Amino acid sequence: MQGPLSGYLIEKFDERKVAIAGSVIAGIGLTSSAFVTSVPALILTYGIISGVGCGLAFMPGSVAVAKYFTNHRHLALAIASSGGGIGSFAFPPFIQMLNEYYTWRGMFLILGGITLNICVFGLILRPLAKVSPKKNQQKSKNNKLQQSFDRKNLKTKMMNEERIRFLDRHSYLKIVSFYVLMANSFMYQFGASIILGHLQAYAVYHLGFTTQNAAILYTISGVMVLVFKLLHGVFANISHVQIFRPIYQYIFFYAIGGIATIFLTFDSQYGVYFSSAIFGMSYAACGGSLIPAIVIDISGVESFGVAYGIVLLCLSIGQLVGAPIAGKRGFCFYLDNRRMSGKGHRQEIIMLSLTAI
């Protein structure tokens, strides 16, 4: 939910400073969690402080990649976003091992140290110089003179930028399509969070899965997310083929997300395996290169940070409220093996299908 703030800070400062600041805040939060003695204190250190830090550190990488690449931007974004899929495989067993060997306090200390390594990667995010082509040709000849000129005019330039109206700098806020994308993002994550939050309980208590077999469903989805994040970028990079445009892929894969949910209503173990795979294909569309590509088309690269942050905020709100609302409205079939209300499934199908429309 720190997307808009992170985007604004990136626009105000640069990707490197925001990434380092986020890493330090997250590291402090995780390290402090090792010394807490109560649940409210843990909520503060782990839930809020480290959450804010991780939220700030997440955005700079995506924004930097979008600025660094022009010809193969979609593919670059896909490769960068696939790292999150690799982390989802590697870190759960690693964290479990740390907890077993060093207890939860030692685990938080080690995780805090690992998180501080984002500072090192943040140093690699070199801000791009905004130089016109004519100046760029002469840069090798009068580099020192140019740097001196930039320093003298930096203060004047910043003052001029502050005078520009907000809506002029963020003209995408005047475009209806941007608000449609915001609503779409909320609706998709609302439906997807129901699956993510309740799939294992559905498999165990309604279909008779063991806990280990039910966990495989998330692994299947995770593999498909990783693979299709890369494939989305590869396809989007084929710009001369119309059907591979990011917006068309976005519509198609969101649509099959609704179709995948229908298979959960068949009360079949094979159906839930198939649904998990198809859902992973769909879920890759909201966390890979497609949404950034669409946002760039609407806002442009220079305003990408704040615009993408707003979309991420809508995604996070949908993910936050979807599963609890579904549970309250009747998706708690796992509390009673003898009944299955289906209200949650209907909410998933409606939300995921409407996103494609």
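The values are calculated or read from the model by the stated rules, or taken from the named source; none is laboratory data. Model, not experiment: these values are computed from the prediction. Note that each Cβ is placed from the backbone with ideal geometry, even for glycine, and that neighbours are counted across all protein chains shown. Remember, those area values only see protein heavy atoms, side chains included, never the ligands or the DNA or RNA. Shrake-Rupley method; radii C 1.70, N 1.55, O 1.52, S 1.80 Å.
Quick check: anything in region 50-68 open to solvent by 20 Å² or more (accessible area, probe 1.4 Å), of a type outside the set (Asp, Glu), more than 30 Å from residue 234 (Cα to Cα) and not in a loop (DSSP other than H, G, I, E, B)?
yes
Does region 182-195 contain at least one residue that is within 15 Å of the chain's Cα centre (by Cα), at pLDDT 85 or above, open to solvent by 50 Å² or more (accessible area, probe 1.4 Å) and among the hydrophobic types (A, V, I, L, M, F, W, C)?
Looking through region 182-195, at least one residue is within 15 Å of the chain's Cα centre (by Cα), at pLDDT 85 or above, open to solvent by 50 Å² or more (accessible area, probe 1.4 Å) and among the hydrophobic types (A, V, I, L, M, F, W, C).
Give region 30-49 a look and list any residue that's assigned to a helix (DSSP H, G or I) and polar (S, T, N, Q), or say none.
Passing the criteria: 31, 32, 33, 45.
Exactly one condition in (1) under 20 Å from residue 229 (Cβ atoms); (2) surrounded by 15 or more Cβ atoms within 10 Å (Cβ to Cβ); (3) not small (Gly, Ala, Ser) is not met by residue 92; state its number.
Answer for residue 92: the failing condition is (2).
Which residues, taken from region 110-120, are over 14 Å from residue 54 (Cα atoms) and either surrounded by fewer than 17 Cβ atoms within 10 Å (Cβ to Cβ) or touching a Pro at 6+ places or on another chain (Cβ under 9 Å) (or both)? Before you say what the answer is, go through the steps one by one.
Here is the first cut: in region 110-120, the residues over 14 Å from residue 54 (Cα atoms) are 110, 120.
Hit for region 110-120 is 120, nothing else.
Pick out the one residue from 260, 285 that is within 17 Å of residue 82 (Cα to Cα) and open to solvent by less than 30 Å² (accessible area, probe 1.4 Å).
When all the criteria are applied, what remains is 285.
Could you tell me whether residue 27 is within 30 Å of residue 219 (Cβ to Cβ), in contact (Cβ under 8 Å) with a residue 40 or more places away in the chain and part of a helix (DSSP H, G or I)?
Yes: the conditions hold for residue 27.
Do we find a residue being farther than 21 Å from residue 82 by Cβ and either among the polar types (S, T, N, Q) or open to solvent by 50 Å² or more (accessible area, probe 1.4 Å) (or both) anywhere in region 223-236?
There is no residue in region 223-236 that is farther than 21 Å from residue 82 by Cβ and either among the polar types (S, T, N, Q) or open to solvent by 50 Å² or more (accessible area, probe 1.4 Å) (or both).
For region 12-37, give me the residue count where each residue is open to solvent by 50 Å² or more (accessible area, probe 1.4 Å) and of a type outside the set (A, V, I, L, M, F, W, C).
4
What tally of residues in region 263-274 results from selecting those that are open to solvent by less than 30 Å² (accessible area, probe 1.4 Å) and either touching a residue at least 24 places away in the same chain (Cβ under 8 Å) or of a type in the set (Asp, Glu) (or both)?
The total comes to 2.
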